[in-house]
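Visitor: Below is one structure. I have some questions about it.
The values are calculated or read from the model by the stated rules, or taken from the named source; none is laboratory data. Not measured: the values here are computed from a predicted model. So basically every Cβ, Gly included, is an ideal-geometry build from the backbone, and we count neighbours across all protein chains shown. Protein only, heavy atoms only, side chains kept; ligands, DNA and RNA dropped before computing areas. Shrake-Rupley method; radii C 1.70, N 1.55, O 1.52, S 1.80 Å.
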Amino acid sequence: MLRVDDQSFRTDTGRQRSANEDSFFVRAPIFVVADGMGGAQAGEVASKAAAEAFDRDLPPGSPERFLRETIEAANREIHELAHDDPSRAGMGTTITAAIVNPESEEVVIGHVGDSRAYRLRGGKLERLTRDHSLVEEMRRKGQLTDAQAEDHPQRSIITRALGPEAEVDVDVQTVPAAPGDLFLICSDGLTTMVDEAKIARLLAGAGSMEAAVRGLVDEANRAGGRDNITALAFRLEDAAAPSRAEPESATLIGPSAEEAGLTATEVRRRAAAAAAAERREKPAAKPRRRRLRTAAKVLAVAAILAALAFGAWYGNRQVWFLGTDGGGRAALYRGLPYQLPFGVNLYEERYASPVQTDSLTGKRREAVTGHDLRSRSDAASLVEDIEKSQGIPK
């Protein structure tokens, strides 16, 4: 009998894209990554629809059948969405999904496209999926060597995806699992930037799944970050062994959840805070002395102030947005776009572009004036895109 002992997930826009078309779904024992295509809006719609298809209870019976039917249903939905809206014509998405079957000690994998699933066992990384891509077909036919396939300029051309056709052929397989196995599901934004030998080293050397996925995404960005990057990792252990991590219960779909700070750690923190607040609000079973009530009120006020201080600090360190500085220039800020009483700002300016906000039009102007919260890489990419549109060299 197995259980998911540790898990983590992360998505990132990358260094050369202005939007994140990847989506993901995490609710153990189900793990899903989808990589959209067809333009920022259409690609995100397609990948989100694929991920959302798994947001339901896992029925009894065959996990293989559930995976196949769910992916086929997602394909039909995406195809109909594209058919009904000309602006979404040609949109699609890859999908790689895994379901842990603890009783049979197996992991079932469903796959379409060039996102991938891996298993790390005993320090050895094994690719579990086969890319549905033009380059992979050429490699299998002997027209390309493995080395040539890794750097081929047409590597991103896929031959199978959800959405373009009314029906899709889904690869479904069941692989054995054992205590200590580590599984990785990722979009090609990771595998086109980081080779498998380095992926294996980063996974094997990480002390936790959170450190593993953070290291993978950071390494992909260091290598150029040409595409959106999404990585999910989970480790299996014997169900009878002491647990080394709290079980995850978060359901997350799409990059917007990550940008909003809804990581697994943050979800657990918020749940714990809500439970503590509920306990504080419950009426006491017995009458308490006035002195105790007064002390409780003081502690509650202190807790609220501490929470506000923590929120300000956390937002100032983790969240970014675009705005206009005192000189009318598009600027990059770290923090939250709010001001507390007495002139206390929850943000700080980190970069001022030579581009005047008034000179921008359309979506680029909205990106500056809307003050939408973003990841650091997403905000920086938007600034680069704005400057490039105005003919300003890097």
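Visitor: Assuming 0.36 nm per residue, please report the length gained on full extension of the stretch Glu150 to Arg222 beyond their Cα-Cα distance.
Guide: So the chain would gain 24.1 nm between Glu150 and Arg222.
Visitor: Sticking with this structure for a sec: Quick one: which of 377-388, 321-332 comes out on top by average Cβ neighbours within 10 Å, and what's the full order, highest first?
Guide: Details: 377-388: 19.3, 321-332: 17.8.
Ranking the peptides 377-388, 321-332 by packing returns 377-388, 321-332.
Visitor: Same structure, new question: Return the sequence-ordered ³J(HN,Hα) values of the range 47-57 in whole Hz as given by the Karplus equation 6.51 cos²θ - 1.76 cosθ + 1.60 applied to θ = phi - 60°, using x for Gly and Pro.
Guide: 5, 5, 4, 5, 5, 5, 4, 8, 7, 7, 5
Visitor: What length, rounded to one decimal in nm, is gained on full extension from Glu103 through to Ser62, with 0.36 nm per residue of separation minus their alpha-carbon distance?
Guide: Values: separation 41, 0.36 × 41 = 14.76 nm, distance 1.23 nm.
Answer, rounded to one decimal: 13.5 nm.
Visitor: Could you tell me the accessible area of Met138 in Å² (1.4 Å probe, neighbours in place), rounded to the nearest ten?
Guide: 40 Å²
Visitor: What FRET efficiency, computed as 1/(1 + (r/R0)^6) with R0 = 35 Å and r the Cβ-Cβ distance, is obtained for Ser359 and Glu165, rounded to the nearest 0.05?
Guide: Between Ser359 and Glu165 the formula returns 0.20.
Visitor: In angstroms, what radius of gyration and Dmax does the range 1-122 have, counting Cα atoms only?
Guide: 15.2, 50
Visitor: Set the Förster distance to 35 Å, then compute FRET efficiency between Gln143 and Lys198 from the Cβ-Cβ distance, nearest 0.05. Can you show the working numbers first?
Guide: Details: r = 26 Å, r/R0 = 0.75.
After rounding to 0.05, the efficiency reads 0.85.
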